[in-house]
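Throughout, read-outs are computed from the coordinates displayed, never taken from laboratory work. Just so it is clear, the model here is predicted, and its values are computed rather than measured. Here the Cβ positions follow ideal geometry from the backbone for every residue, glycine too, while neighbour counts run over all protein chains shown.
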Amino acid sequence: MKLHEYQGKEILRQFGVNVQEGRVAKTPDEVRQIARDYGQSVVVKAQVHVGGRGKAGGVKFSADPDKAFENGEKILGMDIKGLTVNKVLVTRAVDIDAGVEYYIGMIVDRNVQSFTLMASAEGGVDIEEVAAETPEKIVHYRVDPITGLRPYEAREVAIQAGFKGNLNKIADMMVKLSQAALERDAVLVEINPLFVDASGTPIALDTKFEIDDNAMYRHKDLADWREMEAEHPLEIEASKYGFAYVKLDDGNVGVLGNGAGIVMTSLDVVNRAGAKPANFLDIGGGAKAEIVYNAVKLVSKDKDVKAIFINIFGGITRADEVAKGVIQALQDGILTKPVRMRIAGTAEEEAKALLAEVNSPLIQMFPNMFDAAAEAAKEANK
Amino acid sequence: MKLHEYQGKEILRQFGVNVQEGRVAKTPDEVRQIARDYGQSVVVKAQVHVGGRGKAGGVKFSADPDKAFENGEKILGMDIKGLTVNKVLVTRAVDIDAGVEYYIGMIVDRNVQSFTLMASAEGGVDIEEVAAETPEKIVHYRVDPITGLRPYEAREVAIQAGFKGNLNKIADMMVKLSQAALERDAVLVEINPLFVDASGTPIALDTKFEIDDNAMYRHKDLADWREMEAEHPLEIEASKYGFAYVKLDDGNVGVLGNGAGIVMTSLDVVNRAGAKPANFLDIGGGAKAEIVYNAVKLVSKDKDVKAIFINIFGGITRADEVAKGVIQALQDGILTKPVRMRIAGTAEEEAKALLAEVNSPLIQMFPNMFDAAAEAAKEANK
Amino acid sequence: MGILVNKDSKVIVQGMTGREGASHSRAMKEFGTQVVAGVTPGKGGLDFEGWPIYNSVAEAKEATGANVSIIFVPPAGAADAVLEAAHAAIPLIILITEGVPTVDMMKAVQEVKALDAQSREHGGEGVRLIGGNCPGLVTNGEAKVGIMPNKIYTQPGRIGLISRSGTLTYEAAKLLNDAGMGTSTTVGIGGDPVIGTTFADVLPMFEADDGTDAIVVIGEIGGADEEAAAEYIKGHMKKPVVAFISGRSAPAGKRMGHAGAIIMGNVGTPESKLAAFKDASVPVADTMPEIIDLVKAALHQ
Amino acid sequence: MGILVNKDSKVIVQGMTGREGASHSRAMKEFGTQVVAGVTPGKGGLDFEGWPIYNSVAEAKEATGANVSIIFVPPAGAADAVLEAAHAAIPLIILITEGVPTVDMMKAVQEVKALDAQSREHGGEGVRLIGGNCPGLVTNGEAKVGIMPNKIYTQPGRIGLISRSGTLTYEAAKLLNDAGMGTSTTVGIGGDPVIGTTFADVLPMFEADDGTDAIVVIGEIGGADEEAAAEYIKGHMKKPVVAFISGRSAPAGKRMGHAGAIIMGNVGTPESKLAAFKDASVPVADTMPEIIDLVKAALHQ
């Protein structure tokens, strides 16, 4: 679950991180009022779950309350990569030239089986650019997940990264970042820029915070923060069904299967067949007809989808249950696009018999995934 | 810092422990109102920092609101071991016969250099009695301070202790007790009785909670809970000066020295000389005249004190500073009881010279601690 | 032959009395696995379809001499179940549960590794965790400690199989079966970001196994496990290895079902994995059926 | 001779630039201790009264070859300072700081012990923590790494001294000095409930030290360190040991200044300690001066 900047900052504040003061506004009037209350220049920042909002014009410096109102008007309601801006965060502006901008982040790192703390003196820019172009400018440090980062380790990392300023205060912010990541089950937390002012004091100016969905059950207080309108509508629907669903750009073939591996491979196969997958959808193991029905319904709603490729390897999942779900969708008028499917394994023959009975050109079954994918691609590219 | 029952329960509740519902009252009317709100029998419990409040009549079952009012009248204002009851906790009563009473506790254990979890099926009674008479009925388990108690360990302990009821729920309460102890820097936390009702669900009926004074700096939210009126007035004054001070019962010689070890030994020496120490007071190392002055002032306020024994081994502490402090107290009219002191080491001669100048029978200096203690005892026993 | 589990493995099931635990206990028994007991805290003493249930792994181990544990405990208690088994010195622990919080797995994996090192330093056999979010493992014709469909693993064979994906494991096993080769042992290592055993941990076991002639590695995008495997192969493996990578067309930054399957920055790209395998002279199949051709070619070299 | 520290010990001071750190650095230097550097995070590069200051223990160790660290860091950072030194593989760490939260000490002591075991298993010299809330240690005429008054530890002697109390250590050392015996090494182990080194850890070092003829153990009420010491003495010590226990008249349940000095239930009573020493044939002095008589008697047996 991705958090908005203001939500991530709220969590960091709970852990004692010195976060730049700011308030959320939903109207230009509220923006002006906040700017008045602060009595200084402010920054108005769009709160949307996409990267690159700055380049899209979603972040604006405002020298006075009227300018803030104006920027609020511009940003609120703006469309950034398909998402509408409903909220802005209005923060006190800082004089960036009077200090330095650094980067610190904690990220789940498969390779060290823990969190890696990343620190770089190249803050304020996209860290992935730094990673790609000058990787030596990022210090990587494995954090022990049981003890968390200790102050002495944080100081070591800060020194290695070449951070200037109050070493103890900067290290303390890193320790708190580590605590927040471990206790709030982050997948990723970044403070970027971490601004160090002229007195050497570190301030978190912006943050990214993403929480492990598997751990949401122990962060019930954060569940309210999940803002449905900020996510893709089909992803919202999929999460209700408990599906692993990812909408993919520029696709024309809906893809579903039983198991992350087989769906990933199905994407590859569709690609190889000359079409583009429109989504990733894993219905899980042992799915019954109703689940397949819901999956077909979901994928059918996607306007980009011109054909559907279903790839099932039946171990626990029964082929006849899959067939029943698809047939039901057809009979309910939900399925209007051609389905090309491969179902191998358990109850394959029963599935064939069911499909033969219905005998619709919209549903065809193939003995291997390549033929099924090729046919789906052909239909989609028509 | 000792917490009241209702405070300890509040902390346990924050950690998710199922605590018996209750509210604090300061007047009998409030007691009646709470009993009415609960609409059932209640227990009215004195909130004082001493053991044995039950035997002293400070805990009373109340079948109805009027009876609760009556018990509130009896208990509020009551004197238990020298402390006045200003608050009672009114809790819903449980039918003890419909369940079982157990004991669980976490205690700092020097011998395992960590917390020891104690669990016993003999709950509802003084655990020290159980420890003394049937120690085999208490299970001891070292808790790893870095990982905390894990559910599987808690289940193991619960099984060993012979607990009946919902094993997972009871183990979960133990895990939360461990979290509370570690995160809130307990010296001791007990749930006693831990009541397991007919459905197998555990409920904390009473608790003891004591927090490490060294860790109070990171529990600022608890500092407000320190209730001065509930402690011995001289202990409150001593804590303002930063002294380690303990009031001792039935004593007649005030004892002070520089260092915990030397003061402990001074108590022994006074005892051996046939008198009884009235207090333990460690003024710490390197004390200046002003600190000694305050220490003398404090001890002099104790009406039990008939004479004062000062035992200083001067390493960092200078004998002449000690002498100056004592002399100042005499000159200010604060010191009216005989002081017998031994000051060895640094600037001993200067101290002697200062005392000779004052030449008061109230202040005498001796070359060794036994003579000084013997003289103090003689004065006190006069 | 095969690795890790065989006819003599004595298996306990943590969470046997739950729905998944029960059905897979039956399936494992049908396969021929020696399932000796179940563990469900609070249900100790119960007889469950002929299996004794114990309150703790320690008790179950004491009573049955079990040396393998398979875990079907729900996510919130799964990491604790791993630690319980590890502290009871069960040398092989298989965590099937999907959806375990990553932080729990980080802590459990680190502790299991510490216990493993400690055990080995004192001459013990160590402690190994496989998974979570994995289908388990199976040595054909001997024992299955997992959730894969029984029928594709009955025919003994001589190809070792290691996979991050459950369904692709079945797919590959079936392809090998149909091609008349069959598998020796199949190890599903799991699709989560933090897992107990990686490709590079399993490869040396296959290298040392007399019942295995070649190894198929089924990787996917995300992480650098495939790169680590390639490096190990390059330096240490004499037996032929064939690889497959799924998710090659997935875009960066999107998590493809498996929490571990995500390309972040330059980490986890198919390009990096392909390059690593090429460097280790490991042929990579473009499609699943091509795996068979590559294995055949490797065996006939 | 003596144990733990000597003329060759190279000492760094964590928290040198603080008030306590500075004054005791000077006193140690006056004593003759090789104080080689200070560590104060954020002040790296500073020259402090001729000593170089480093940002970290690792840097200081690298630059100076230090093998002892003494810590004067305030309570909130003290346990972290211990871990920093331990992870930098400083073999002897002395924590002077008073008032460190007990939970911090539990964690630090457990981790230091794990690092110690790990180091020893790999042939290293281990990691030892002494304290916290202790006066440090001193080998007469060689080196002082602590805060005791210099003048009572100048005259070399052959009596080893171990104590939970600071002031009583000075008292005992002075008595031994005045009696013409003097001390070899004095080790203040500290008055906190959780400390790095106990009586039983120090006794074998004195047993093995050619410069020590007899040992004085100054215990107090609370805990069972004295009982553990008695047990060790009974089983392993050939050199005579004399004991003293302070706080014998303290009531149960009251914490006597030292957080560790409290009688809880049956634990920590003087009776238990006296019985244990009696069982180990260790004479216990009733008063401090009696220690001298008992040591003399023991040496002349």
- prompt: According to the square roots a ≥ b ≥ c of the eigenvalues of the Cα gyration tensor, what is the shape class of segment B:38-110, taking rounded for a/c under 1.5, prolate for a/b larger than b/c otherwise, and oblate for the remainder?
  reply: oblate
Residues in segment D:239-269 reached by a label modelled at B:V125 [backbone nitrogen below 18 Å; 7 Å Cα→Cβ]: D:265-266
- prompt: What is the spin-label model distance, in nm, from B:F370 to B:E21 if the labels are put 7 Å beyond Cα along the C-beta direction?
  reply: 6.7 nm
- line: Which of C:V242, C:V267, C:V202 fluctuates most in a GNM of chain C (C-alpha springs under 10 Å)? That residue is C:V267
field: Shape category assigned to segment D:8-94 from the gyration tensor of Cα positions, a/c cut at 1.5
entry: rounded
task: Can you tell me the 0 to 90 degree angle between the C-alpha axis of helix D:75-87 and the longest principal axis of chain D, rounded to 10?
output: 80 degrees
- prompt: Which residue, B:I80, B:I104, B:I327, tops the fluctuation ranking in a GNM of chain B built on C-alpha contacts under 10 Å?
  reply: B:I327
- prompt: What ³J(HN,Hα) values, in whole Hz, does the Karplus curve 6.51 cos²θ - 1.76 cosθ + 1.60 give for segment B:48-62 when θ = phi - 60°, with x put for Gly and Pro?
  reply: 9, 7, 9, x, x, 5, x, 4, 7, x, x, 10, 9, 6, 9
statement: Inter-chain shielding metric for B:263-274, i.e. average beta-carbon neighbours from other chains within 10 angstrom, reads 6
task: Give the angle, between 0 and 90 degrees and rounded to the nearest 10, that separates the Cα long axis of helix A:5-14 from the longest principal axis of the Cα atoms of chain A.
output: 60 degrees
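Give D:K7/D:K61; B:K2/C:K113; A:K45/A:K220 a once-over and call out the pairs whose C-alpha atoms are over 29 Å from each other. Show your work: numbers first, answer last.
Values: D:K7/D:K61 18 Å; B:K2/C:K113 41 Å; A:K45/A:K220 27 Å.
Pairs exceeding 29 Å: B:K2/C:K113.
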field: Compactness of chain D - radius of gyration and Dmax, Cα, Å
entry: 18.5, 57
statement: Here segment D:42-170 gives, from Cα atoms, an Rg and Dmax in Å of 15.4, 43
field: Highest-first arrangement of A:200-206, B:177-183, where packing means the average Cβ count within 10 Å
entry: B:177-183, A:200-206
- prompt: Of B:K60/B:K137; A:K303/A:K352; B:K297/B:K324; A:K337/A:K378; A:K9/A:K67, which ones are farther than 21 Å apart at the Cα?
  reply: B:K60/B:K137; A:K303/A:K352; A:K9/A:K67
- prompt: Comparing B:A295, B:A154, B:A98, which has the greatest mean-square fluctuation in the GNM of chain B with Cα pairs linked when under 10 Å apart?
  reply: B:A98
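Output the pairs from A:K169/C:K107; B:K55/B:K240; A:K208/C:K273; C:K144/C:K174 with a Cα-Cα distance over 21 Å in this structure; if there are none, say none.
On the way: A:K169/C:K107 28 Å; B:K55/B:K240 33 Å; A:K208/C:K273 28 Å; C:K144/C:K174 16 Å.
Too far apart for the 21 Å limit: A:K169/C:K107; B:K55/B:K240; A:K208/C:K273.
Could you calculate the FRET efficiency of A:E237 with C:K234 from 1/(1 + (r/R0)^6), where r is the beta carbon distance between them and R0 is 41 Å, rounded to 0.05? Intermediate values should be presented prior to the final figure.
Numbers: r = 46 Å, r/R0 = 1.13.
Computed FRET efficiency for A:E237 and C:K234: 0.35.
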task: Estimate the FRET efficiency between D:A208 and B:I334 by the formula 1/(1 + (r/R0)^6), using the beta-carbon distance for r and 51 Å for R0, to the nearest 0.05.
output: 0.40
task: Would you mind computing, in nm to one decimal, how far apart the modelled labels at A:D95 and C:K43 are, each placed 7 Å from Cα along Cα→Cβ?
output: 6.9 nm
- line: With a ≥ b ≥ c from the Cα gyration tensor eigenvalues, square-rooted, and the rule rounded for a/c under 1.5, otherwise prolate when a/b > b/c and oblate otherwise, segment D:106-153 is oblate
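Which value in deg cm²/dmol, rounded to the nearest 500, describes the helix-derived mean residue ellipticity at 222 nm for chain C, given -39,500 (n - 2.57) per DSSP H run of n ≥ 4 and division by the residue count?
Numbers: 9 runs with 111 residues, N = 301.
The helix contribution divided over chain C gives -11500 deg cm²/dmol.
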query: Rounded to the nearest 500, what is chain B's calculated 222 nm mean residue ellipticity when only DSSP H runs of at least 4 contribute -39500 (n - 2.57) each, over all residues?
result: -11000 deg cm²/dmol
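For A:K220, what charge total do you get from the other residues with a beta carbon under 14 Å from its beta carbon, if Lys and Arg give +1 and Asp and Glu give -1?
Counting the neighbours of A:K220, the net charge comes to -1.
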- request: Estimate the FRET efficiency between B:D79 and D:N6 by the formula 1/(1 + (r/R0)^6), using the beta-carbon distance for r and 60 Å for R0, to the nearest 0.05.
  value: 0.50
- prompt: Tell me, what is the percent relative contact order of segment D:151-220, built from C-alpha pairs under 8 Å that lie six or more residues apart?
  reply: 45 percent
field: Amide hydrogen neighbours beyond the local backbone of B:M365, cut-off 5 Å, H modeled
entry: B:M341
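Please compute the alpha carbon radius of gyration of chain B, then divide it by the globular-protein estimate 2.2 N^0.38 Å. Two decimals is fine. List each step's numbers first, then the result.
Values: Rg = 25.0 Å, N = 382, 2.2 N^0.38 = 21.1 Å.
The reported ratio for this selection is 1.19.
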message: Rounded to the nearest 5, what % of DSSP beta bridges with both residues in segment C:10-131 are antiparallel?
response: 10 percent
- prompt: Put a point 7 Å out from Cα along the line to Cβ at A:G285; what are the distances to that point in the other copies, in nm, shortest first?
  reply: 6.4
message: Using only Cα atoms and rounding to the nearest 10 degrees, what angle (0 to 90) does helix A:65-75 make with the longest principal axis of chain A?
response: 20 degrees
- prompt: Rounded to the nearest whole Å³, what is the per residue volume of the convex hull around the Cα atoms of the protein assembly as shown?
  reply: 211 Å³
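With a 10 Å Cβ neighbour count serving as the proxy for reagent exposure, in which order, fewest first, do A:S300, C:S56, B:S360 appear? Don't skip to the answer; put the middle values down first.
Working: A:S300 17, C:S56 22, B:S360 14.
Starting with the residue having the fewest Cβ neighbours, the order is B:S360, A:S300, C:S56.
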